[in-house]
Amino acid sequence: MDAMISKWHRELELFSSIKPLLILEGNVLDQYRYPIAGSIPLDTLVPLSQYLYTYFSDIGYDQVVFYSNLIGFMNPYAPDMLQSFAQMTGAKTEKGVIPAEFKGNSAHTAPNLIRRAMAQNQHACVSILELASHYITTPERMDQQDVNSFNLLLQSALSAQTVRTPQGRRQNLLILLVNKLNDLPAWFYLNNPVCRTIVLEAPDRDERHRLITGTAFPTFFDASVYRTDMPYYQEHPDELAKLQEKFVALTEGMTFTELDALRKLSRKEGAAIRDLASVVDLYKYGISQNPWENLSMESLKHAKEDLEKRVKGQDSALERSLDVVRRAVTGMNGLSSSSTAKPKGVLFYAGPTGTGKTETAKALAEKLFGDESACIRFDMSEYGQSHSDQKLMGAPPGYVGYEAGGQLTNAVKKNPFSILLFDEIEKAHPTILDKFLQILEDGRMTDGQGNTVYFSESIIIFTSNLGIYTKDALGQRHANVTMDMDYPEVEKRIRGAIEDYFKLELGRPEILNRIGENIVVFDYIREEAGEAILKAQVNKIVRRMDEQKQIRITIGEEAYKELHDAALADLSNGGRGIGNQVESLLINPLSRWLFQEEVLSCAEVVIDHFIVSERPARVECHLADKSGEV
């Protein structure tokens, strides 16, 4: 039986006998299973108020009352206790409650009634203030009446009397239930010798394991489904244990109320025992179709060839990226971790600019989810200020933008099956990097509105230009890698610089540990890859002109060599630099020639020469019956 008693319950037992003022913080809106056999059946979920009433009644308190600033004092579980409380404090009941304001000058405000109850020694009394953090706007905006009310509560605790009961001596108690401790004035609880804070957390791993392996397990399934499926698992207990263990891992962070809702959902959907984990996905994401389960294995076998059509010259980077995808598809991601609720994969793309980092992320999104718009990009240069985390994760209550939520959390709630691309992560403020610790470890985050957002179906990709340059003792930048280095040397130098940045400059080695060995270094665009990029871009232009304008463009062999030599003369800016050259040397001059010659559709154009020695560049072209020059 002791193993079923939670940590916070043990603390309640301990400190209620020595501290007259208790603050219960955290998961106060949840329901709980009362662990002691008695008036509440075991394994039955009850609100925290009923739990506390039952506990204190069982140990000898003859008055347990609850207060809400919207209703007043009440006890729906034992109305006689409320009547006794009214007689003891000189209050009057109306329709089953004692109306009382939280602040004011009346002798019958809630703090004054509580002060009388705490000071008497005839009845062991517990006064429980529900949602006490809602009684004031913020601790910084308290008026004098707010301060007076909390002062009265503090004085009540300081003057609390001890009462002799058949079960032993019991001191009068004041209990405040709050979502967050810092919603109360700090002077009320800091350095307060009669106060103790008890944190109510979501059910831990052991509690979730007891739930899914105990007497409540059959209630997760329709009776006929359970009778049909269970004989197989009785003969294969190892398989059942694996399913239950996966359930425990996937429900990390869920409250008892959410677990109970999940149980009801499983019954309603008529889920089979083997589909227990799928029910968790259905509850989290609200959809029954999981794109990860619908991926074509045959398509994934040819994924590298498909990616190479869009990303040139990055054989190693593509292979390592696909390793992460393969782990996700085969269910092997996070096997070495204690948490299986982590994101499907984490990648850190580093390397020179224009080498295909962002393009690879988009290509993966299209391959996995059928649309590159499933790659949700965040430019981290927009989050360089210390308060930028509110824009990304959502502002807390009372702050501007609270109703809108966070850009990241909103995006994941809308589409949990996605690739999240955080571009140039080193430009984000360090406080934002701290936010990623929980995402990378637990696969979830609570936004400013209190909603839990799950990242366990996403792939997270960071991109960075770290390691291309290093700084000396004077702060001067020096090239750390150059194009004349081979790829192994480039990879070694960039990885070393990234590790130094996180460990030494930023002082966040734990972020690097979460990324692990998933740092993928992209190589410089070498000449062979540059030629492939140029050819692909030129072919795309020719194809689209034919499709959209019915203008067929032919580039002569000599002309293509002129374009090739000019576009690939400097590969330091990678594929993006080649694209800029194609725009400058081909698109702009050709558009000028077509405009001047009034060739707007249905024509065949032959490009004879690229004149790149002049600025702007020119092209020499001819049609079937005339030639021209721009």
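Using the structure shown, decide if V329 is among the β-branched types (V, I, T), at pLDDT 85 or above and in a helix (DSSP H, G or I). Criteria not met by V329.
Of all the numbered requirements in (1) surrounded by fewer than 13 Cβ atoms within 10 Å (Cβ to Cβ); (2) not in a helix (DSSP H, G or I), L571 misses one, and that requirement is (1).
Here's the yes/no breakdown for (1) crowded, with 22+ Cβ neighbours inside 10 Å; (2) within 26 Å of A186 (Cα to Cα):
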residue	(1), (2)
F73	yes, yes
Q87	no, no
A117	yes, yes
A124	yes, no
L131	no, yes
H134	no, yes
R141	no, yes
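The conditions of being of a type outside the set (V, I, T) and over 18 Å from L70 (Cβ atoms) are met by A107.
Restricting I578, I553, I587 to residues that are under 11 Å from V619 (Cβ atoms), buried (at least 16 other Cβ atoms within 10 Å of the Cβ) and not aromatic (F, W, Y) narrows the list to I553. Determine which single condition F188 fails, assuming it passes every other condition in (1) farther than 22 Å from H9 by Cα; (2) over 35 Å from the mean Cα position of the chain (by Cα). All conditions pass for F188, except number (2). Taking the criterion of being closer than 21 Å to Y53 by Cβ and out of contact with any Ser or Thr (no Cβ under 7 Å at 6 or more places or on another chain), the residues of segment 99-122 that qualify are P99, A110, Q120, Q122. Those helices (runs of 4 or more DSSP H) of segment 355-421 in which at least 2 residues are at pLDDT 80 or above and within 18 Å of the chain's Cα centre (by Cα), considering only elements entirely within it, cover 407-414. When residues in segment 200-214 are screened for being farther than 9 Å from V248 by Cα and exposed (fewer than 15 other Cβ atoms within 10 Å of the Cβ), 2 of them pass. Evaluated against (1) exposed (fewer than 12 other Cβ atoms within 10 Å of the Cβ); (2) under 14 Å from I212 (Cβ atoms); (3) acidic (D, E), E245 falls short on exactly one condition, (1). Scanning segment 141-168 for residues that are in contact with a helix residue (DSSP H, G or I) (Cβ under 9 Å, 6 or more places away or on another chain) and among the hydroxyl-bearing types (S, T, Y) gives S149, S156, S159.
Just the residues that are crowded, with 18+ Cβ neighbours inside 10 Å and hydrophobic (A, V, I, L, M, F, W, C), please, taken from segment 533-544.
Of the residues in segment 533-544, the ones crowded, with 18+ Cβ neighbours inside 10 Å are 533-534, 537-538.
Result: I533, L534, V538.
Checking the stated criteria, S106 turns out not to satisfy the condition of being assigned by TED's automatic domain parsing to the domain that holds P193, of a type in the set (G, A, S) and under 30 Å from K7 (Cβ atoms).
Within segment 594-623, the only residue that satisfies the criterion of being part of a strand (DSSP E or B) and either of a type in the set (K, R) or not assigned by TED's automatic domain parsing to the domain that holds K561 (or both) is R618.
Annotation: of all residues in segment 489-532 being aromatic (F, W, Y) and touching a residue at least 40 places away in the same chain (Cβ under 8 Å), the one that is surrounded by the most Cβ atoms within 10 Å (Cβ to Cβ) is F522.
The values are calculated or read from the model by the stated rules, or taken from the named source; none is laboratory data. If you're wondering where the values come from, they're calculated on a predicted model, not measured in any experiment. Cβ sites come from the backbone with ideal geometry, for glycine too, and all protein chains shown count toward neighbours.
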